[in-house]
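Read through the structure below, which is laid out as structure tokens, and then see the notes.
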Amino acid sequence: MTGGSDQVTGTVASDGFASDLLGDRQPTTLPASILPGRYNVAFVSDGFGTNDLGGDAVGTVTVTANNRVTFTGTLPDRSILSQSIAVSKDGQWPLYVQLYAGAGSMIGWLTVANDDQPIQANVVSISKEGNVRNPFPNGFVNEFSVMSSTNVTFARNVPVISTNGIVTLSKADLTADLVVPYTMSADNFLYQDTTGHNVRLGFDHTFGYMTGTFTDPTTGLTGRIRALLLPNVNQVRGYFYTAKPDPATGAVDTGEFFLQGN
């Protein structure tokens, strides 16, 4: 271990490339600076949603006292995300999820911290090789920033976010952003949209997931929404996808769902 750091370092090299190598000793208990608990995380996409991932990936993270981090979630195209791993003594979490039957991956360095943003990262990369496999046969590379929050318990007459604010749906095949006001009861039930876009939303009161539908004004089809509560920042973030895949490629357009409380 380098200088008592509980780390090994080195390089991996071959013709045409060289890469740094870093490995941390695995603690058997959770570092004292990290609180065990359940957290919500959103990976905010830089994509546009027609040939790549336009919405935000979402998932939940459970951290236990015996230093086990369990992450489960979904990409905007509904690909499943899953990893179980330990963190280093500094809270470093090497994220890696294989995607698209081995043709893609989600990769990045995350940090688990006792902070308003309990899951942190500069950038997470999600990519897929170009091949004939659906979706996205041309391949893509998206970079995602990370937003996170502690998970909260739903209780009667305790709103988890502001009871009014704005919902924005963007990207994918939308020619303009859909901006819809929302109102919500103190029991966290959202009232129906009357703007003509037929936005319908509801919370899962166990994990904080939000699901719903809206009418896509470009196609007239029903778009489906999946998002996750981030109460620390008074937001819900996630994605929507088209109900009907592209007949040529089988791919679905994916867009961004963003709810901001006032």
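Below are the figures for this structure:
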| item | result |
| --- | --- |
| Residue in the stretch 239-262 that is over 21 Å from Val41 (Cβ atoms) and at pLDDT 90 or above present | yes |
| Which listed residue, of Phe214, Phe136, is among the aromatic types (Phe, Trp, Tyr), under 23 Å from the mean Cα position of the chain (by Cα) and at pLDDT 90 or above | Phe214 |
| Residue match in the stretch 130-139 (condition: buried (at least 17 other Cβ atoms within 10 Å of the Cβ), closer than 29 Å to Leu35 by Cβ and in contact (Cβ under 8 Å) with a residue 12 or more places away in the chain) | no |
| Residues satisfying the stated conditions in the stretch 184-211, i.e. in contact with a strand residue (DSSP E or B) (Cβ under 7 Å, 6 or more places away or on another chain), free of Cβ contacts under 8 Å to residues at least 24 places away in the same chain and closer than 16 Å to Asn157 by Cβ | Leu190 |
| Pair list, Cβ < 8 Å and 6+ apart or interchain, from the stretch 33-55 residues that are in contact (Cβ under 8 Å) with a residue 24 or more places away in the chain and over 29 Å from Val87 (Cα atoms) to residues that are surrounded by 24 or more Cβ atoms within 10 Å (Cβ to Cβ) and of a type in the set (D, E, K, R) | Gly49/Asp253; Gly49/Glu256; Thr50/Asp253; Gly54/Asp253; Gly54/Glu256 |
| Any hit, the stretch 110-121, residues being more than 18 Å from Phe71 (Cβ to Cβ) and crowded, with 16+ Cβ neighbours inside 10 Å | no |
| Filter result for Tyr96 (of a type outside the set (A, V, I, L, M) and either farther than 19 Å from Gly49 by Cβ or out of contact with any Ser or Thr (no Cβ under 8 Å at 6 or more places or on another chain) (or both)) | yes |
| Lone unmet requirement of (1) in the same structural domain as Phe257 (by TED's automatic domain parsing); (2) farther than 30 Å from Asn51 by Cβ; (3) surrounded by 14 or more Cβ atoms within 10 Å (Cβ to Cβ); (4) not acidic (Asp, Glu) for Leu178 | (2) |
| Unique match (being modelled with pLDDT under 90 and in contact with a Lys or Arg (Cβ under 9 Å, 6 or more places away or on another chain)) among Asp177, Asp187, Asp193, Asp173 | Asp193 |
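The values are calculated or read from the model by the stated rules, or taken from the named source; none is laboratory data. Source: prediction; values computed, not measured. Reconstructed Cβ throughout: ideal geometry from the backbone, glycine too, with neighbour counts over all protein chains shown.
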